[in-house]
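What follows is one structure encoded as structure tokens, with my remarks underneath.
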Amino acid sequence: MAWGYVQTVEGVDLQAYDDVAAEIGDETPTGAIIHAAGLYEGKLRVMEVWESEEAYRRFRNERLEPALQKVMGADAFSNDWPPPGLEPMEVHSLLQAE
């Protein structure tokens, strides 16, 4: 069963998001299904669906953490689970366009 989350990130603007994304690179992470990001009420909001929570955690540890720390500093990454603002869920239904 797929796993996903919605996360509202405090204090991160679109430029910082773009900088972190550039650091991560264009290669789609193993297990990623959908990624969307934008502003909601002036705050960055990220929505993702993954093949599993384990696939996301692997990406988070191997690629996201180093990119966040390089762009935004050591305090930019939380080891808490779930991290602040992240609302995880098991995905019951997923419709993808072809």
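Would you confirm whether any residue within segment 10-24 is closer than 19 Å to ASP75 by Cβ, touching a residue at least 60 places away in the same chain (Cβ under 8 Å) and among the hydroxyl-bearing types (Ser, Thr, Tyr)? No, because not a single residue in segment 10-24 is closer than 19 Å to ASP75 by Cβ, touching a residue at least 60 places away in the same chain (Cβ under 8 Å) and among the hydroxyl-bearing types (Ser, Thr, Tyr). Filtering segment 25-35 to residues that are free of Cβ contacts under 8 Å to residues at least 60 places away in the same chain and loosely packed, with under 14 Cβ neighbours inside 10 Å leaves GLY25, ASP26, GLU27, THR28, THR30, HIS35. Is one or more of the residues making up segment 1-15 more than 10 Å from the chain's Cα centre (by Cα), surrounded by 11 or more Cβ atoms within 10 Å (Cβ to Cβ) and more than 18 Å from GLU87 (Cβ to Cβ)? Within segment 1-15, one or more residues are more than 10 Å from the chain's Cα centre (by Cα), surrounded by 11 or more Cβ atoms within 10 Å (Cβ to Cβ) and more than 18 Å from GLU87 (Cβ to Cβ). Note on segment 41-61: among residues that are part of a loop (DSSP other than H, G, I, E, B) and small (Gly, Ala, Ser), the one that is modelled with the lowest pLDDT is GLY42.
Looking only at residues of segment 62-87 that are modelled with pLDDT of 95 or more and surrounded by fewer than 15 Cβ atoms within 10 Å (Cβ to Cβ), we find that the one that is farthest from ALA2 (Cα to Cα) is LYS70. Within this structure, ALA55 fails the test of being touching a helix residue (DSSP H, G or I) at 6+ places or on another chain (Cβ under 7 Å) and surrounded by 16 or more Cβ atoms within 10 Å (Cβ to Cβ). Of everything listed in (1) more than 11 Å from the chain's Cα centre (by Cα); (2) surrounded by 14 or more Cβ atoms within 10 Å (Cβ to Cβ); (3) part of a strand (DSSP E or B), the single unmet condition for GLY38 is (2). Candidates are the residues of segment 58-97 that are over 17 Å from HIS35 (Cα atoms) and among the aromatic types (Phe, Trp, Tyr); the one that is nearest to the chain's Cα centre (by Cα) is PHE77.
A single member of MET89, MET47, MET72 is closer than 18 Å to THR8 by Cα, touching a residue at least 12 places away in the same chain (Cβ under 8 Å) and touching a helix residue (DSSP H, G or I) at 6+ places or on another chain (Cβ under 9 Å), and it is MET72.
The values are calculated or read from the model by the stated rules, or taken from the named source; none is laboratory data. As the structure is a prediction and not an experimental result, all values here were calculated from the model. We place every Cβ from the backbone using ideal geometry, glycine too, and count neighbours over all the protein chains shown.
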